[in-house]
Amino acid sequence: MKNIVFIGPPGSGKGTQAAILNEKHGFNHVSTGNLLRAEIKKDNALGNKIKGVMSSGELVSDELVAQLLKENIDLSCKQYIFDGFPRNVNQAEVFQDEIMSKSNYVALLFDVDTEKLVERIINRRVSKDGTQIYNLKTKPPKVAGICDVTGEALVQRKDDTEEVVRNRLDVYLKETAPLVEFYKSKNILNSVNADLNIDQVTEQIMNSLE
Ligand code: AMP
């Protein structure tokens, strides 16, 4: 099977599906958002700079994110889901030219009603490392406030507040949505209806890969 690039607005379920495909189908999940949050935890000058950009919902510089990604993947032996990268056409070009050849990946669009996203995101809670994702209404943890997997308290991402979410959606439409045409023109775009429930979306993804 090929590597997959997930494209979709914030809250469309990319991280949730990546965790399922990791557990059930052996894909490795690499999220540039999680890599950036790990940099912030280092509490150094670079981390503080990243924090400022992320807390406004804008994009971190292409060079920095591409570098971080390259340092954290090993394409020689692993098969990846790329979640959150590329985020604009420049990153997509760097991805194809410097990170992998066209023949080794497909792009998958999470097609979703953007009206529902703000509600979904403000109800999102995550494990401290960001790998386990819950929703207070549609996918609550077994014990309120506690991650089923790590047993630690769940947190709300600082950029999951309504104001920042609205800016992140604007940034998505302006910067990331053009990737749909980019990948269509390369004939490597599939899409799933991400308004369906979690299991149905997983099934659509697996079918799209056959
Ligand atoms: P995410 O976890 O994918 O929702 O990303 C959270 C935030 O991290 C975004 O709003 C951006 O500020 C930053 N970010 C994540 N991935 C990228 C990327 N590929 N390029 C630039 N900024 C990114």
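The values are calculated or read from the model by the stated rules, or taken from the named source; none is laboratory data. Note that the coordinates shown come from a computational prediction; the quantities given were computed from them, not determined experimentally. Here the Cβ positions follow ideal geometry from the backbone for every residue, glycine too, while neighbour counts run over all protein chains shown. Quick note on the areas: whole protein, heavy atoms, side chains included, nothing else; ligands and nucleic acids left out. Shrake-Rupley method; radii C 1.70, N 1.55, O 1.52, S 1.80 Å.
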Residues located in region 38-52, provided they are surrounded by 12 or more Cβ atoms within 10 Å (Cβ to Cβ) and of a type in the set (Asp, Glu): Glu39
Helices (runs of 4 or more DSSP H) (entirely within region 29-120) containing at least 1 residues that are away from the ligand (no atom under 14 Å from the Cβ) and in contact with a Lys or Arg (Cβ under 6 Å, 6 or more places away or on another chain): none
Enumeration of residues in region 1-20 that are in a helix (DSSP H, G or I) and of a type in the set (Lys, Arg): Lys14
Residue selected from region 128-148 under the condition within 20 Å of the chain's Cα centre (by Cα) and of a type in the set (A, V, I, L, M, F, W, C), by the criterion farthest from Leu36 (Cα to Cα): Leu136
Val118 vs. criteria open to solvent by less than 20 Å² (accessible area, probe 1.4 Å) and either in contact with a Ser or Thr (Cβ under 7 Å, 6 or more places away or on another chain) or aliphatic (A, V, I, L, M) (or both): yes
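Let's see how each residue does on (1) loosely packed, with under 14 Cβ neighbours inside 10 Å; (2) in contact with a strand residue (DSSP E or B) (Cβ under 7 Å, 6 or more places away or on another chain):
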{"position": "Glu71", "(1), (2)": "yes, no"}
{"position": "Ile81", "(1), (2)": "no, yes"}
{"position": "Gly84", "(1), (2)": "no, yes"}
{"position": "Ala92", "(1), (2)": "no, no"}
{"position": "Ile99", "(1), (2)": "no, no"}
{"position": "Ala107", "(1), (2)": "no, yes"}
{"position": "Lys139", "(1), (2)": "no, no"}
Looking only at region 153-180, and only at residues there that are in contact with a strand residue (DSSP E or B) (Cβ under 7 Å, 6 or more places away or on another chain) and part of a loop (DSSP other than H, G, I, E, B), the one that is farthest from the ligand (Cβ to nearest atom): Leu154
Residues of region 171-194 satisfying the condition of being open to solvent by 60 Å² or more (accessible area, probe 1.4 Å) and under 18 Å from the mean Cα position of the chain (by Cα): Leu173, Lys174, Glu175, Ser191, Asn193
Pairs, first farther than 15 Å from Thr161 by Cβ and in contact (Cβ under 8 Å) with a residue 12 or more places away in the chain in region 51-64, second near the ligand (Cβ under 8 Å from one of its atoms) and open to solvent by 50 Å² or more (accessible area, probe 1.4 Å), C-beta under 6 Å, six or more apart: Leu59/Arg87
Residue that is open to solvent by 50 Å² or more (accessible area, probe 1.4 Å), modelled with pLDDT under 95, in a loop (DSSP other than H, G, I, E, B) and farther than 24 Å from Gln204 by Cα, where the choices are Asp129, Asp148: Asp129
